[in-house]
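Rule-based calculations on the coordinates, nothing more; no lab input. All values derive from a computational prediction rather than experimental measurement. We place every Cβ from the backbone using ideal geometry, glycine too, and count neighbours over all the protein chains shown.
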Amino acid sequence: MTWTANRTAMTAPAGPLTPEQLKARERWQSIWNLPIFVAAVVPLFITSSKTKWVEIAVGVGSWLVFAVDLVTQRRSRARPGRSGRTDD
């Protein structure tokens with residue numbers, strides 16, 4: 001498999017979700033809506049030169065929440081198999 005073919009396989013649309021994937025996605029979103037909202041809003045209000053470590057912790061925590069959500073959403077759309085890659 002060449003690099004171009006591999007790249008095409010990785011960026012190809014995954015197709016419609018299965019009923020199991022839709023159910024898992026709805027469950028994930030119902031659980032993670034609040035943490036994502038908090039991760040987006042809290043950094044807007046945490047600003048103080050005296051508590052720089054709090055700002056850093058909130059910023060890193062927010063990015064971790066977004067990263068976990070992104071990875072989970074991408075995995076739920078992956079086809080075939082877990083990584084979405086094919087063995088051509």
To the nearest 20 debye, what charge dipole does the range 18-77 have about its Cα centre, counting +1 at the Cβ of each Lys and Arg and -1 at the Cβ of each Asp and Glu? 120 debye
Reported to two decimal places, what Rg/Rh ratio describes the range 18-77 when computed on Cα atoms with Rh from the Kirkwood expression? 1.14
State, to one decimal in nm, how far the label point of LYS50 lies from the label point of PHE66, with both points 7 Å from Cα in the Cβ direction. 2.9 nm
